[in-house]
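Inspection log for the structure reproduced underneath, given as structure tokens.
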Amino acid sequence: MGPMIEDDIMPVFLINGFLEAGKTEFLKFTMDQDYFQVEGKTLLIVCEEGDTDYEKEMLERTKTAVVYVDDFSQLTPEKMTELELLYNPERVVMEWNGMWNQDDLKLPDDWTVYQQITIIDGSTFDLYVKNMKPLLGAMLRNTELVIMNRCDGIPEETLGNYRRTIKAMGRKADIVFETAEGEVEPEITEEDLPYDMKQDVIVIPPEYYGVWYIDCMDKPERYVGRTVEFTGMVMKAPSFPKNYFVPGRMVMTCCEADITFLGFICKAREARNLENGNWVKVRAKVAHEYWPDYEGEGPVLYAESVEPAAEIKDVVQF
């Protein structure tokens with residue numbers, strides 16, 4: 001489970017999702033795997049009583065102590081430190097209650113989240129996106145893996161839209177879709193995109209900026225060597241080389257509190273004359289290259305033209 005862990009750090013494995021999403025089944029499966037049969041004890045903190053219990057026999061076999069916390073006010077750093085002293089575990093696994101805002105979780109100083117996995121029920125995802133977006137956003141923000149189960153009967157195009165919605169809220173996440181038969185990989189074809197990929201210049205309408213941004217991050221091979229045109233706001237940082245800037249838009253990833261500037265680095269001879277906050281229409285060729293701010297490879301735009309444009313007042317939404 002992850003990298004070597006320093007002695008003075010208590011690693012926390014956080015499994016989140018809404019009630020009945022299948023968190024307990026996932027945890028039971030994981031704790032029974034060979035790689036989880038490691039030295040020392042596990043402390044399992046369960047923040048909601050689901051409809052599935054942990055069998056005593058399994059807990060004993062996996063050297064796991066389970067503690068149920070049914071009120072968020074009990075989940076304080078002091079309480080967690082107390083549990084650590086009481087059980088002396090090597091690791092902590094937390095089954096999170098999706099109705100509590102994960103942004104409010106405060107861990108003891110020497111506890112650190114090593115891995116975060118979100119379990120989502122595909123059959124109710126739409127409902128939660130419509131009604132619980134801030135809670136969903138808080139759970140997805142730092143998630144490394146999203147498992148969407150119960151995807152049976154959901155069209156691929158819908159799963160593709162779900163993927164974009166999840167990626168908008170959890171940009172680090174790998175996403176796995178599961179049906180009763182096993183994993184499925186929804187193929188978002190170019191025809192499914194809300195702009196015309198057949199044109200020599202792919203024009204991105206302002207309302208679909210977010211769709212384009214996520215798709216270009218997710219499927220860069222679709223865009224490499226192609227020319228795109230879109231309107232964005234100029235962002236420059238002193239650390240950029242003189243011919244570079246970032247055209248982008250303010251994007252609401254889940255709620256009012258989560259507005260982020262999303263854009264791609266762009267090389268343009270006009271860059272030196274641009275001011276932060278200017279609005280521009282950019283026509284650029286897309287490449288996929290190493291760039292330090294991406295901490296790896298990502299889309300790099302090579303501008304063919306950068307012209308002044310009118311401000312777009314709306315924030316992009318997904």
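The values are calculated or read from the model by the stated rules, or taken from the named source; none is laboratory data. If you're wondering where the values come from, they're calculated on a predicted model, not measured in any experiment. Neighbour counts run over all protein chains shown; Cβ positions are idealised from the backbone, glycine included. Only protein heavy atoms, including side chains, enter the accessible area calculation; ligands, DNA and RNA are left aside. Shrake-Rupley method; radii C 1.70, N 1.55, O 1.52, S 1.80 Å.
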Please work out the Kirkwood hydrodynamic radius for the stretch 170-315, using every pair of different C-alpha atoms, and report it in angstroms with one decimal place.
16.3
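Which percent, nearest 5, of DSSP beta bridges in the chain are antiparallel?
Given both bridge residues lie in the chain, the antiparallel proportion sits at roughly 45 percent.
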Sum -39500 (n - 2.57) across every DSSP H segment of at least 4 residues in the chain, then divide by the residue count to get the 222 nm mean residue ellipticity, nearest 500.
-6000 deg cm²/dmol
Mean shadow of the stretch 156-221, computed from the convex hull of its alpha carbons, in nm²?
5.0
So with the 1.4 Å probe, I'd like the accessible area per residue for the stretch 89-210, rounded to whole Å².
47
Using the C-alpha atoms of the stretch 30-172, what convex hull volume per residue, in cubic angstrom, is computed?
136
Amide proton proximity set for T179, modelled H, under 5 Å, gap of 5+:
C151, V184
In the stretch 212-285, what % of DSSP beta bridges are antiparallel (nearest 5)?
100
GNM flexibility winner over the chain from D126, D218, D53 (Cα, springs under 10 Å)
D53
Specify the residue with the greatest mean-square fluctuation among S239, S123, S305, computed from a Gaussian network of the chain linking alpha-carbon atoms under 10 Å apart.
S239
Per residue of the stretch 301-318, in order, report the coupling 6.51 cos²θ - 1.76 cosθ + 1.60 (Karplus, θ = phi - 60°) as ³J(HN,Hα) in whole Hz, putting x for Gly and Pro.
9, 10, 6, 8, 8, 9, 10, x, 9, 6, 5, 9, 6, 6, 7, 5, 10, 9
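Return the loop-located GluC sites (Glu not before Pro) in the stretch 161-212 (DSSP other than H, G, I, E, B) with at most 14 other Cβ atoms within 10 Å of their own Cβ; answer none if there are none.
Loop-located and lightly packed - E181, E187.
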What angle, in degrees between 0 and 90 and rounded to the nearest 10, separates the Cα long axis of helix 77-87 from the longest principal axis of the Cα atoms of the chain?
40
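Tell me, what % of the accessible area of the stretch 1-134 is carbon and sulfur with a 1.4 angstrom probe? Intermediate values should be presented prior to the final figure.
On the way: 3600 of 7050 Å².
Percent of accessible area from carbon and sulfur atoms in the stretch 1-134: 51.
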When the scattering of the stretch 35-112 is computed by the Debye formula from its Cα atoms alone, each counted once and equally, what is log10 I(q)/I(0) at q = 0.11, 0.18, 0.22 Å⁻¹?
-0.29, -0.78, -1.12
What translational D, rounded to a whole number of µm²/s, comes out for the chain from Stokes-Einstein when the hydrodynamic radius is the Kirkwood one over Cα pairs, at 20 °C and 1.002 mPa s?
98
